[in-house]
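The values are calculated or read from the model by the stated rules, or taken from the named source; none is laboratory data. In this text the structure is predicted, and so the values were computed from the model without any measurement. Positions of Cβ are generated from backbone atoms using ideal geometry, with glycine treated the same way; all protein chains shown enter the neighbour counts.
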Amino acid sequence: MITLHDLVLTYPDGDRRLTAVDHVSLSVEPGVVVGVTGPSGSGKSSLLALAATLVRPDSGRVVVGGVDATALSADDAAALRRERIGIVFQQANLLPSLTAREQLQVMAELAGPASRSARAAAPTRADELLGAVGLADLRHRRPHELSGGQRQRVGVARALMNDPSALLVDEPTSALDSERGAEVVDLVVRLTRELRTATILVTHDLQHLPRLDRVVRLVDGRVTAADAPAHAVPVST
């Protein structure tokens, strides 16, 4: 589970401060996908950065899997990200020299010496996740040998490698056509339910909102609406 409680984030702007996130609260349960949408500059990316513990709020709390991330040191927050938070970026950001399988295995290496058992199990875990995203037969291919949609699927699998409590997905369809984008969103929804992660998905693409469990709309850093999608769309398997 991930809970954002009364978050405020400001940035310096000349002789004043600009409010990027304005008293936002949001709770996401395991197995649920909450979409965050809104116009450009509404605070979506800033909210996701707070949820990912990449920046600290001016005030408020981020609680991931029962751990208050805002009370942690920088090193402990980094460890929390490695162990409890999966992040899917707009671009897959895969390492050019690594195969799809190796992209996932390196996440177990980053978990540190305390996770020797996880590192030993990494090849099997990587193969299972690549199978779950439909890429079992492509696990030995490098990024230049994969399509854009396939690279994004590798990114989703990589984010799930360390069995995170929370999955944070940033504009996963921005570089894809509508069909491939729908496939990636369906994939995120399906794996969220199967693996019981708590998922926040930021998107500007309104056509994908009916696939999600709930939708939060931000304007000028504030929540202006939080509703269930009007029409549910079946998720392909």
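Considering region 188-229, the qualifying strands (runs of 3 or more DSSP E), each wholly inside and each with 3 or more residues that are surrounded by 15 or more Cβ atoms within 10 Å (Cβ to Cβ), run over 198-202, 214-219.
For region 6-21, a residue qualifies if it is part of a strand (DSSP E or B), surrounded by fewer than 17 Cβ atoms within 10 Å (Cβ to Cβ) and out of contact with any Leu (no Cβ under 6 Å at 6 or more places or on another chain), and the qualifying residues are ASP6, VAL8, PRO12, ASP13, ARG16, ARG17, LEU18.
Only residues that are at pLDDT 95 or above and under 27 Å from ALA51 (Cα atoms) were counted in region 89-99, giving 0.
Please count how many residues of region 111-136 are farther than 25 Å from GLU183 by Cα and either surrounded by 14 or more Cβ atoms within 10 Å (Cβ to Cβ) or at pLDDT 90 or above (or both).
Number satisfying all stated conditions: 6.
Pull up region 153-174, narrow it to residues that are under 12 Å from the mean Cα position of the chain (by Cα) and of a type in the set (Val, Ile, Thr), then point me to the one that is nearest to PHE89 (Cα to Cα).
Residues of region 153-174 that are under 12 Å from the mean Cα position of the chain (by Cα), as a first pass: 155-160, 164-172.
From what is left, the residues that are of a type in the set (Val, Ile, Thr) are 156, 169.
Working: VAL156: 9, VAL169: 6 Å.
The qualifying residue nearest to PHE89 (Cα to Cα) is VAL169.
I need the full set of residues from region 53-71 which are touching a residue at least 12 places away in the same chain (Cβ under 8 Å) and assigned to a strand (DSSP E or B), in order please. Result: SER59, GLY60, ARG61, VAL62, VAL63, VAL64, VAL67. Pairs linking a residue in region 9-22 that is among the charged types (D, E, K, R) to a residue that is at pLDDT 90 or above, with Cβ atoms under 8 Å and 6 or more positions apart or on different chains, are ARG17/THR10; ARG17/TYR11; ASP22/VAL8; ASP22/GLY43; ASP22/ASP220; ASP22/GLY221; ASP22/ARG222. Taking ASP170 as the residue in question, decide whether it is closer than 25 Å to LYS44 by Cβ, surrounded by fewer than 24 Cβ atoms within 10 Å (Cβ to Cβ) and acidic (Asp, Glu). In short, yes. The single condition among (1) buried (at least 17 other Cβ atoms within 10 Å of the Cβ); (2) more than 20 Å from the chain's Cα centre (by Cα); (3) of a type in the set (S, T, N, Q) that SER73 does not meet is (1).
Out of the residues in region 175-185 that are within 18 Å of THR199 (Cα to Cα) and more than 14 Å from the chain's Cα centre (by Cα), state the one that is surrounded by the most Cβ atoms within 10 Å (Cβ to Cβ). I'd like the intermediate steps shown before the answer.
Initially, region 175-185 is screened for residues within 18 Å of THR199 (Cα to Cα), giving 181-185.
Keeping just the survivors that are more than 14 Å from the chain's Cα centre (by Cα) gives 181-183.
Values: GLY181: 21, ALA182: 19, GLU183: 18.
Filtering first and then ranking leaves GLY181.
One residue stands out in region 154-188 among those that are in contact with a Ser or Thr (Cβ under 8 Å, 6 or more places away or on another chain) and among the β-branched types (Val, Ile, Thr): the one that is nearest to ALA77 (Cα to Cα), namely VAL169.
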